[in-house]
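Working notes, beginning with the structure itself.
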Amino acid sequence: MQKTIIFDLDGTLIDSADGIVEAFNYAMTKNGLPSQPRDEIVKHIGFSLDHMFGMFTDGNFDSLKNDFTLKARHTVVDSSNPLDGANETVVSLFESGYDLGIATTKWRRNIDSILNKLGWNEYFSEIIGGDEVTKIKPDPEMFSSLMALMKADPENTVIVGDTINDILPAKELSVRNVAVKSPYGDSKDVMNLNPDFFIEEIAHLPLTLSRMFENENRIK
C-alpha cells in the first residue's frame, strides 16, 4: 500500500523567517503601526495572517494582509532556505517510494517559487496553499483536500509539522503525525497535544517512519 507523507513547510522543511518578518513589519509601518521585534513575530509563523496581525493590533486586517502579501512575493521567496537535513530527507523519502505532499498557509504562487528555487518540484506530487481552501489550518480542510488529491489512504498517511496547526487536524482526521521541534520557538504547545512521535530535527524522519511502519507490519 502506498505510504503518503504530508509536510508543513515553514519550520518543518524550510526557514523563511527573515522574509516573513520583513513583509510583516512593512505592512505594519505602511499602515501607521509600530514594527515588532523579530523574536515576537517568528513565534507565530505557521499561523494565519489574521492570527499574526491580531497578536499586535486591532487594525484593518484586510489592508495589513494585502500589504504583507505584496511584499512577501519577493522577501519570503528570496529568504527561503532548507532547514538542516531537509533536502536530504526529502530526496531520501522520495527515492524510498513515499508519496510526498505539502500543506501550508503560504500562497500557492510563493510555494511554487520556493520549490523551484530549491529544486524540489519533482519530489512533491500535490500541494495545497492557504489561498486554495476556504478554511486554513488548524481546520482539517487543507489536509483532507490534499489527501483526496493524492488518493491517500488515511491509515497509510503521516502528517509532519512543527506547530499545533499540523497536529490538531491530524488528530481530528485520525491520521498519524510526527511533530518536529520548531526553530521558531517553544514546542510546549505541540507536546501538550501528545503527537504520535516527536523528533528533534527533520533528518530523523526517515528512520522514524521506517520504525513506524515496520512495527505496524509486525503487529499485523
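Values in this text are rule-based calculations from the coordinates and carry no lab data. Small disclaimer: the values here were computed from a predicted structure and weren't measured. Glycine also receives a Cβ, built like all others from the backbone with ideal geometry; neighbour counts cover every protein chain displayed.
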Exercise for review: Run down the lysines and flag those whose C-alpha is under 19 Å from the C-alpha of Lys117, throwing out any fewer than 8 positions away in its chain.
Suggested key: Lys71, Lys106
Practice item. Please work out how much length the chain gains when fully extended from Lys188 to Ser96, using 0.36 nm per residue of separation minus the C-alpha to C-alpha distance, in nm with one decimal. Key: 29.9 nm
Review point. Ranking Ile167, Ile127 by Cβ neighbours within 10 Å, fewest first, what do you get?
Key: Ile127, Ile167
Exercise for review: Would you list which aspartates and glutamates come within 14 Å of Lys30, measuring only between C-alpha atoms, while excluding same-chain residues fewer than 8 positions from it?
Suggested key: Glu22, Asp62, Asp67
Exercise for review: Whole Å is fine, so just give me how far the alpha carbon centre of the stretch 160-200 lies from that of the stretch 63-85.
Suggested key: 23 Å
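Please compute the net charge surrounding Glu88, taking Lys and Arg as +1 and Asp and Glu as -1 over other residues with Cβ under 14 Å from its Cβ. Could the numbers behind the result be given before it?
Working: positive: none; negative: Asp84, Glu95, Glu201.
Around Glu88, the surrounding residues sum to -3.
I need the peptides 182-193, 130-141 ranked by packing, meaning the mean over residues of other C-beta atoms within 10 angstrom, with the highest value on top. Let's see the in-between values first.
Details: 182-193: 15.2, 130-141: 16.8.
Packing proxy ranking, top to bottom: 130-141, 182-193.
So how strong a dipole does the chain carry about its Cα centre when Lys and Arg Cβ are +1 and Asp and Glu Cβ are -1, to the nearest 20 debye?
Value, rounded to 20: 180 debye.
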